[in-house]
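The values are calculated or read from the model by the stated rules, or taken from the named source; none is laboratory data. The structure displayed is predicted, hence computed values, not measured ones. FYI the Cβ positions are ideal-geometry reconstructions off the backbone, even for glycines, and counts take in every protein chain you see. When the accessible area is computed, the model is the full protein with side chains, heavy atoms only, and any ligands, DNA or RNA have been set aside. Shrake-Rupley method; radii C 1.70, N 1.55, O 1.52, S 1.80 Å.
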Amino acid sequence: MSQIVLYWHPMSSATPVACALAELSVPHERVKVDITTGEQRRPDYLALNPNGKVPTLTVDGAPMFEALAIELWLGQTYGAKSGLWPAGGTPEHLQAMAWSTWSYVTYGAQLVRLQAAKDMGTPDDAHGAAAHKALDELLSVLDGRLNQHPWLLGDAYSLVDLIVASVIGYSAYLGAPVAEHPTTNAWLQKVQARPAMQIDA
């Protein structure tokens, strides 16, 4: 068994990785990096993650950064054995990669726009309104998928649901119109209620 260490901070982009580790029951050590005091910019941490952000995961001392990359690696390495990630070469695996990336890249790009408008105190200006509209349209895409299946890959919960729901849940916190999409909102609440999602500080 590999020695895995998660460098994280509560209520950050590292939280979904901590939840994924819990969902997969992967033994690991958790090291808190206090991003409020600048610990993420210390030379020893930058040697692991040159971006100076969390999360970072080390596997037998070898570092990996970027939450999505870590989550995909965890799914492929540990999820297939537990039935929480589809086997490579299957149609479900293609969908797993597509929806996971969709949440961080396609949906995430509009979320960045909404975050920027909120940070500037102008969530209702033209930029904020455009981001809100784009997120609403993307949530309709997700509705379409979830209207076909109870979970993103079909009839069973998978790590893909955790990955996508983590982004959607954060977007709701920022003001994305998730509540206006009952199918997606009900699915989100089911994912968030799972024991693995209850990560303590």
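Would you pick out the residues in segment 79-114 that are more than 24 Å from LEU138 (Cβ to Cβ), open to solvent by 30 Å² or more (accessible area, probe 1.4 Å) and in contact with a helix residue (DSSP H, G or I) (Cβ under 8 Å, 6 or more places away or on another chain)?
Selection gives SER82, ALA87, GLY88.
Checking LEU68 against (1) touching a Leu at 6+ places or on another chain (Cβ under 8 Å); (2) part of a helix (DSSP H, G or I); (3) within 21 Å of ARG194 (Cα to Cα): exactly one of these is not met. Which one?
Only one criterion is unmet by LEU68, namely (1).
Hey, does segment 179-194 have a residue that's in contact (Cβ under 8 Å) with a residue 60 or more places away in the chain, within 21 Å of PRO10 (Cα to Cα) and out of contact with any strand residue (DSSP E or B) (no Cβ under 8 Å at 6 or more places or on another chain)? Before the answer, list the steps.
Taking segment 179-194 as the starting set, the residues that turn out to be in contact (Cβ under 8 Å) with a residue 60 or more places away in the chain are 194.
The next check asks that each one be within 21 Å of PRO10 (Cα to Cα); those that pass are 194.
When the remaining residues are screened for being out of contact with any strand residue (DSSP E or B) (no Cβ under 8 Å at 6 or more places or on another chain), the result is 194.
Yes, segment 179-194 has at least one match.
Among residues belonging to segment 6-20 that are touching a Pro at 6+ places or on another chain (Cβ under 9 Å) and hydrophobic (A, V, I, L, M, F, W, C), point out the one that is farthest from GLY108 (Cα to Cα).
Looking only at segment 6-20, we keep the residues that are touching a Pro at 6+ places or on another chain (Cβ under 9 Å), and these are 6-9, 12-18.
Now drop any that are not hydrophobic (A, V, I, L, M, F, W, C), which leaves 6, 8, 14, 17-18.
Working: LEU6: 23, TRP8: 20, ALA14: 15, VAL17: 17, ALA18: 20 Å.
Checking each candidate, the answer is LEU6.
Name, by its number, the condition in (1) farther than 23 Å from ALA80 by Cβ; (2) assigned to a helix (DSSP H, G or I) that does not hold for ALA165.
(1)
Quick check, is HIS132 in contact with a Lys or Arg (Cβ under 7 Å, 6 or more places away or on another chain) and either in contact (Cβ under 8 Å) with a residue 60 or more places away in the chain or over 19 Å from PRO16 (Cβ atoms) (or both)?
No, not satisfied.
(1) surrounded by 12 or more Cβ atoms within 10 Å (Cβ to Cβ); (2) in a loop (DSSP other than H, G, I, E, B): which one isn't true of MET1, the others all being true?
Going through the list (1) surrounded by 12 or more Cβ atoms within 10 Å (Cβ to Cβ); (2) in a loop (DSSP other than H, G, I, E, B), MET1 breaks only (1).
Scan segment 173-194 residue by residue and report those that are at pLDDT 95 or above, open to solvent by 20 Å² or more (accessible area, probe 1.4 Å) and part of a helix (DSSP H, G or I).
ALA179, GLU180, PRO182, THR183, ASN185, ALA186, GLN189, LYS190, GLN192
Which condition number does GLU23 fail, the rest of (1) charged (D, E, K, R); (2) touching a strand residue (DSSP E or B) at 6+ places or on another chain (Cβ under 6 Å); (3) surrounded by 20 or more Cβ atoms within 10 Å (Cβ to Cβ) being met?
(2)
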